[in-house]
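**Student:** Questions regarding the structure given below will be posed in turn.
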Amino acid sequence: MNQNIARLNFSKGLLPTVVVDRTTGKILMVGFSSSESLELTWKTGFAHFFSRSRQKIWKKGEESGNTLKVFQIYTDCDFDSLIFVVEPAGPTCHTSKDSCFFRKIENIENGEIKVLESNDLLRTSPPWGILSEIEDVLTYRKLNPKSNSFSSEMFQKGLGAILGKLIEEIGEFCESAIEGKKGREGEKNSLVWESADLIFMILLTLRYFDISIEEILKELKRRREEKLKNQ
């Protein structure tokens, strides 16, 4: 890991600043940083931005109380944009949604867009890539059973069948570990393959109880913070 002295590039004006939730990885908002607002962010530990409409520095949450505690700051290869990794004290968006990015573009034509607003069924800004996609599919299959769907079949058979399959996958995962078969993508009966099976069944079990990945991540973060406090 190299440490270098560099200077941020404000030659084009304000720096676009993407704000990411420390726990979930969700993109919460995009703001703009001036040199002065960035220094305030660094010194206070809370996100400050420069308002282009009001032409002044503002602290996020100064009126609502929904502040953004900043844990890490990143810049890009050209030193002209930023990422704040934060812990939000409440909803980030002025609409009272957790993220400002809750509209998924469904179509673009002749300069007009068709958007779909997120709801409990579909998360339009998935923070966990394929895990979020699988979680959304499982939610849909639970509410809308489909023939020839393994997950629909499991939900219909109930908890006993789900746990039986989960135990089976745990056993196969342990067997691969004992045999030391690390494997790679697409290699059956390896740790990689069996891990994917096991993670899928854990997600399916969580969906049965309507528990989200986000709740698990928050619990992991709570444990981590508790551990750090006791060190």
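**Student:** Considering only Phe84, Leu159, Phe209, whose Cα is most displaced toward the positive end of the charge dipole of region 84-231, charges sitting on Cβ of Lys, Arg (+1) and Asp, Glu (-1)?
**Tutor:** Of the options given, the answer is Phe84.
**Student:** Follow-up question, since we're still on this one. With charges only on Cβ, +1 for K and R and -1 for D and E, what is the dipole size of the chain about its Cα centre, in debye, rounded to 20?
**Tutor:** My answer is approximately 740 debye.
**Student:** I want to verify a result. In a Gaussian network model of the chain, Cα cutoff 10 Å, which of these has the top mean-square fluctuation: Ser99, Ser53, Ser176?
**Tutor:** Result for the chain, Cα springs under 10 Å: Ser53 fluctuates most.
**Student:** Next question. I need to check one value: relative contact order of region 126-231, counting alpha carbon pairs closer than 8 Å and at least 6 residues apart, in percent. Write out the running numbers ahead of the final one.
**Tutor:** Numbers: 77 pairs, mean separation 24.3, N = 106.
Relative contact order for region 126-231 comes out at 23 percent.
**Student:** Sticking with this one: Picking from Phe150, Phe101, Phe84, which is most flexible by a Gaussian network model of the chain using Cα springs under 10 Å?
**Tutor:** With Cα springs under 10 Å in the chain, the top fluctuation among Phe150, Phe101, Phe84 is at Phe150.
**Student:** What is the calculated FRET efficiency for Glu87 to Ile199, with r their C-beta to C-beta distance and R₀ = 35 Å, to the nearest 0.05?
**Tutor:** Numbers: r = 26 Å, r/R0 = 0.74.
It comes to 0.85.
**Student:** Only Cα pairs under 8 Å and at least 6 apart count here; give the relative contact order of region 1-118 as a rounded whole percent.
**Tutor:** Values: 217 pairs, mean separation 26.3, N = 118.
Reported as a whole number, the value is 22 percent.
**Student:** Enter the angle in degrees (range 0 to 90, nearest 10) between the Cα long axis of helix 213-229 and the first principal axis of the Cα atoms of the chain, meaning the one along which they spread out most.
**Tutor:** Compared with the principal axis, the helix lies near 70 degrees.
**Student:** While we're on this one: Ignoring solvent entirely, what values of log10 I(q)/I(0) come out of the Debye formula for region 1-118 at 0.11, 0.23 Å⁻¹ when each Cα is a single scatterer?
**Tutor:** -0.41, -1.32
**Student:** Using the Cβ atoms and a cut-off under 9 Å, what net charge is assigned to the surroundings of Phe155, where Lys and Arg are +1 and Asp and Glu are -1?
**Tutor:** Details: positive: Arg141, Lys142, Lys157, Arg207; negative: Glu153.
Computed value for this residue: +3.
**Student:** Using the Cα centre of the chain as origin and beta-carbon charges of +1 (Lys, Arg) and -1 (Asp, Glu), tell me which of Thr24, Tyr140, Gln231 is placed farthest towards the positive end of the dipole.
**Tutor:** Gln231
**Student:** Report, in debye and to the nearest 20, how large the dipole of region 148-231 comes out about its Cα centre when Lys and Arg carry +1 and Asp and Glu carry -1 on their Cβ.
**Tutor:** On the way: 14 positive and 16 negative charges, 89 e Å.
My answer is approximately 420 debye.
**Student:** Just the isolated ones, please: cysteines in the chain lacking another cysteine beta carbon under 4.7 angstrom.
**Tutor:** Unpaired cysteines in the chain: Cys77, Cys174.
**Student:** How large is the direction-averaged shadow of the alpha-carbon convex hull of the chain, in nm²? Walk me through the numbers on the way to the answer.
**Tutor:** On the way: hull surface 75.9 nm².
Average projection, Cα convex hull of the chain: 19.0 nm².
**Student:** How much length is gained on full extension from Asn230 to Gln55, taking 0.36 nm per residue of separation minus their Cα-Cα distance?
**Tutor:** Working: separation 175, 0.36 × 175 = 63.00 nm, distance 4.38 nm.
Roughly 58.6 nm would be gained on extension.
**Student:** Test of understanding: in a Gaussian network model of the chain with alpha carbons linked when under 10 Å, which of Ser81, Ser190, Ser147 would top the mean-square fluctuation ranking?
**Tutor:** The residue that fluctuates most here is Ser147.
**Student:** Quick one: 3J(HN,Hα) in Hz for region 133-148, Karplus 6.51/-1.76/1.60 with θ = phi - 60°, rounded, Gly and Pro as x.
**Tutor:** 4, 5, 4, 5, 5, 4, 4, 5, 5, 5, 7, 10, x, 10, 5, 6
**Student:** Could you give the C-alpha radius of gyration of region 130-229 expressed as a fraction of 2.2 N^0.38 Å, taking N as the number of residues it contains? Walk me through the numbers before you get to the answer.
**Tutor:** Working: Rg = 15.4 Å, N = 100, 2.2 N^0.38 = 12.7 Å.
Expressed relative to 2.2 N^0.38 Å, the Cα Rg reads 1.21.
**Student:** In nm, to one decimal, how far is the modelled label at Glu215 from the one at Glu187, with both set 7 Å along Cα→Cβ?
**Tutor:** 3.6
**Student:** Which order do the peptides 180-186, 40-46 come out in when sorted by mean C-beta neighbours inside 10 angstrom, highest first? Numbers along the way, then the final one.
**Tutor:** Working: 180-186: 10.7, 40-46: 15.1.
Output ranking for 180-186, 40-46: 40-46, 180-186.
**Student:** Here's something else I'd like to know. Cβ under 11 Å from Glu187's Cβ, Glu187 left aside: what net charge do those residues give with Lys, Arg +1 and Asp, Glu -1? Working shown, then result.
**Tutor:** Working: positive: Lys181, Lys182, Arg184, Lys188; negative: Glu185, Glu194.
Within the 11 Å Cβ shell, the charges total +2.
**Student:** Could you list, in their original order, any pairs among Lys60/Lys97; Lys26/Lys104; Lys26/Lys221; Lys26/Lys97; Lys157/Lys188; Lys26/Lys69 whose Cα atoms are separated by more than 18 Å? Before the final figure, lay out the partial values.
**Tutor:** Numbers: Lys60/Lys97 15 Å; Lys26/Lys104 14 Å; Lys26/Lys221 15 Å; Lys26/Lys97 12 Å; Lys157/Lys188 26 Å; Lys26/Lys69 15 Å.
Table pairs above 18 Å Cα-Cα are Lys157/Lys188.
Taken together, the values in this text are just the output of simple stated rules run on the coordinates, not laboratory data. Remember, predicted model here, so these are calculated numbers, not experimental data. With ideal geometry, Cβ positions are generated from the backbone for all residues, glycine too; neighbour counts draw on all protein chains shown.
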